[in-house]
2 protein chains.
Amino acid sequence: MSLPHAILTALLEKPSSGLELTRRFDRSIGYFWSATHQQIYRELGKLEQAGHIRALPAPVPSRGQKKEYEVLPAGRAELTDWVRRAEDPKPIRDALLLRLRAAAVVGTEGFADELRRHLALHRTQLDEYRDMEDRQFPPERRTAEADRLRHLVLRGGIELERFWTAWLTEALAEFDGRDGPTNC
Amino acid sequence: MSLPHAILTALLEKPSSGLELTRRFDRSIGYFWSATHQQIYRELGKLEQAGHIRALPAPVPSRGQKKEYEVLPAGRAELTDWVRRAEDPKPIRDALLLRLRAAAVVGTEGFADELRRHLALHRTQLDEYRDMEDRQFPPERRTAEADRLRHLVLRGGIELERFWTAWLTEALAEFDGRDGPTNC
DNA sequence: GATCGTTATGCAACTTGTTGCACAAGGGGT
DNA sequence: ACCCCTTGTGCAACAAGTTGCATAACGATC
């Protein structure tokens, strides 16, 4: 039940069209809650029907025309309520950890390469986050409440990627140390 | 596409019935890939149809009777293939980070309590993992390849929970430091 | 011997996320 | 005038995950 709330947040930060939202999801918000343009359009439709958002009056209301949405009071109320609600963390669902466990059963051939590949990906992401931190949150921008909170969210992303790079390094040391892909 | 592979792994580690699998998912494997008994039964059906597993011959094949499954060669082959396949890490989907970002827009009232609640939950999970580590992987059990890999998986869980407790502590310091729930 | 809790399997309906494709408008090139 | 590319919206079908409930065997207990 988080996608509609992610959209409401994004629209409160700045009213947008479906495609603009999609792009913003690919950049900032999507780092913590990704979504395809399909999901977004479908959800925009539902949110509009529910009276949480509305399309800004457009000159030519037809297909293939940009449609901007803004949040209505009911939408803001729903979002506020969601933030206040208690919600337990969901258990981890991570395919790589699972695959490593499977590898313990069926053999680890080629798995070190996959770990290296993931390590490279996470390092890239980590660098990107750090760039964002430098650009969007220089020390003087860390006084306003809202900025400090957004910075905290980004810190979460950074620390998460740090966790992955650290764990993958540890795992590779294990693989390279003892060496040799072992077949079951 | 990971649940069937999680089940194959579990069944290779030990042939089981649906309910036994469900319980094992609640304990070990489910820490990295959770599933309800519904998903498991449905997936067992599909795996059987696909010829990846088979039900061990039971004396009384009727409803309400335990049915044990074992992995067939085709199932093992499929699992091996999955472990070897390259698969990119999925983007994070975390509701708490998202909610914090929403809180930056609609106000943080009561959010510190929610952070404290999550911190407590993650600390509990961390302790549980550490107990598991002590019990299942004492130093002398860390020589066999398969054990070392399973230990590595558990280390992943531990470091992840460590990340959360650290980040939540940081976040709470931010909240308590400046103090006072601020309404938008 | 009727009822009740536990173990065990499963159906049906629903929500959420993914994939592939269709449709429409407008601009640029040839 | 025609084609192609980009921007933009959207349907349809499917896959995966969730929730609520039904069914059946088995042992205990009153």
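Would you check which residues across region A:2-24 are more than 9 Å from DNA strand D (Cβ to nearest atom) and outside any helix (DSSP H, G or I) and list them?
Of all residues in region A:2-24, those more than 9 Å from DNA strand D (Cβ to nearest atom) come to A:2-15, A:24.
Matches in region A:2-24: A:Ser2, A:Lys14, A:Pro15.
I'd like to check something: does region A:54-70 contain any residue that is within 14 Å of chain B (Cβ to nearest Cβ) and either at pLDDT 95 or above or part of a loop (DSSP other than H, G, I, E, B) (or both)?
No, region A:54-70 contains no residue that is within 14 Å of chain B (Cβ to nearest Cβ) and either at pLDDT 95 or above or part of a loop (DSSP other than H, G, I, E, B) (or both).
Quick check, is B:Arg135 modelled with pLDDT of 95 or more, assigned to a helix (DSSP H, G or I), out of contact with any Phe, Trp or Tyr (no Cβ under 8 Å at 6 or more places or on another chain) and not hydroxyl-bearing (Ser, Thr, Tyr)?
For B:Arg135, the condition - modelled with pLDDT of 95 or more, assigned to a helix (DSSP H, G or I), out of contact with any Phe, Trp or Tyr (no Cβ under 8 Å at 6 or more places or on another chain) and not hydroxyl-bearing (Ser, Thr, Tyr) - is not met.
Is there a residue in region A:29-40 that is farther than 28 Å from A:Asp88 by Cβ, crowded, with 18+ Cβ neighbours inside 10 Å and either in the same structural domain as A:Arg135 (by TED's automatic domain parsing) or more than 13 Å from DNA strand C (Cβ to nearest atom) (or both)?
no
Tell me yes or no: at least one residue of region A:164-182 is among the β-branched types (Val, Ile, Thr), surrounded by fewer than 20 Cβ atoms within 10 Å (Cβ to Cβ) and either under 24 Å from B:Arg162 (Cβ atoms) or more than 10 Å from chain B (Cβ to nearest Cβ) (or both).
Looking only at region A:164-182, we keep the residues that are among the β-branched types (Val, Ile, Thr), and these are A:165, A:169, A:182.
Of the ones still in play, those that are also surrounded by fewer than 20 Cβ atoms within 10 Å (Cβ to Cβ) are A:165, A:169, A:182.
Keeping just the survivors that are either under 24 Å from B:Arg162 (Cβ atoms) or more than 10 Å from chain B (Cβ to nearest Cβ) (or both) gives A:165, A:169.
Yes, the conditions are met somewhere in region A:164-182.
Within region A:1-28, restricting attention to residues that are surrounded by 17 or more Cβ atoms within 10 Å (Cβ to Cβ) and aliphatic (A, V, I, L, M), which residue is farthest from the other protein chains (Cβ to nearest Cβ)?
If we take residues in region A:1-28 being surrounded by 17 or more Cβ atoms within 10 Å (Cβ to Cβ) and aliphatic (A, V, I, L, M), then A:Leu21 is farthest from the other protein chains (Cβ to nearest Cβ).
Among (1) in contact (Cβ under 8 Å) with a residue 24 or more places away in the chain; (2) more than 10 Å from chain B (Cβ to nearest Cβ), which single condition is A:Val105 missing?
In the conditions (1) in contact (Cβ under 8 Å) with a residue 24 or more places away in the chain; (2) more than 10 Å from chain B (Cβ to nearest Cβ), A:Val105 misses (2) alone.
Check A:Arg130, A:Arg76, A:Arg116, A:Arg99 and return the single one that is at pLDDT 90 or above and within 21 Å of the chain's Cα centre (by Cα).
The conditions single out A:Arg130.
Suppose the filter is outside any loop (DSSP other than H, G, I, E, B), farther than 26 Å from A:Leu121 by Cβ, within 11 Å of DNA strand C (Cβ to nearest atom) and at pLDDT below 95; does B:Glu48 pass it?
Yes.
The values are calculated or read from the model by the stated rules, or taken from the named source; none is laboratory data. The model shown is predicted, which means the values in this text are computed figures rather than measured ones. Don't worry about glycine lacking a Cβ; one is built from the backbone with ideal geometry, like all the others, and counts go over all protein chains shown.
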